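Down below is the structure, laid out as structure tokens.
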Amino acid sequence: SLVNEEILSAVIDRLDLYKHIIKSSGLEDAGKTKISCDIFESITGAIYLDGGMEAAKQFILSSIDIDKI
């Protein structure tokens, strides 16, 4: 349930990060959910590489409302 495009996309929407992504003109809204999911995964991976497993875990747990899932 956690690794779900809709949930991860909602996190990116809440953090208002999608607007910072440079997209080609044809991708303005098409595929937004998939791209947002990829953004979340990329950020999580960068946090893991920079700060380790505990930092990545804290980012995930603070970003996703597990009680709603």
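The values are calculated or read from the model by the stated rules, or taken from the named source; none is laboratory data. Since this is a predicted model, take the numbers as computed values, not measurements. No Cβ is skipped: glycine too gets one built from the backbone with ideal geometry, and neighbour counts run over all protein chains shown. Calculation scope for accessible area: heavy atoms of the full protein, side chains included, ligands and nucleic acids excluded. Shrake-Rupley method; radii C 1.70, N 1.55, O 1.52, S 1.80 Å.
For segment 39-58, indicate whether the set of residues that are assigned to a loop (DSSP other than H, G, I, E, B) and surrounded by 11 or more Cβ atoms within 10 Å (Cβ to Cβ) is non-empty. Checked against the condition, which is being assigned to a loop (DSSP other than H, G, I, E, B) and surrounded by 11 or more Cβ atoms within 10 Å (Cβ to Cβ), segment 39-58 yields no hits at all.
In segment 26-34, the count of residues that are at positive phi and either modelled with pLDDT under 80 or of a type in the set (S, T, N, Q) (or both) is one or more.
In segment 13-33, is there at least one residue being of a type in the set (A, V, I, L, M) and buried (at least 16 other Cβ atoms within 10 Å of the Cβ)? Among the residues of segment 13-33, not one is of a type in the set (A, V, I, L, M) and buried (at least 16 other Cβ atoms within 10 Å of the Cβ), which makes the answer no. Of all residues in segment 1-26, those that are assigned to a loop (DSSP other than H, G, I, E, B) have Cβ atoms under 6 Å from Cβ atoms of residues that are open to solvent by 60 Å² or more (accessible area, probe 1.4 Å), 6 or more apart or on another chain, in Ser1/Ile69. Answer with yes or no whether Ile64 is open to solvent by less than 80 Å² (accessible area, probe 1.4 Å) and among the β-branched types (Val, Ile, Thr). The answer is yes for Ile64.
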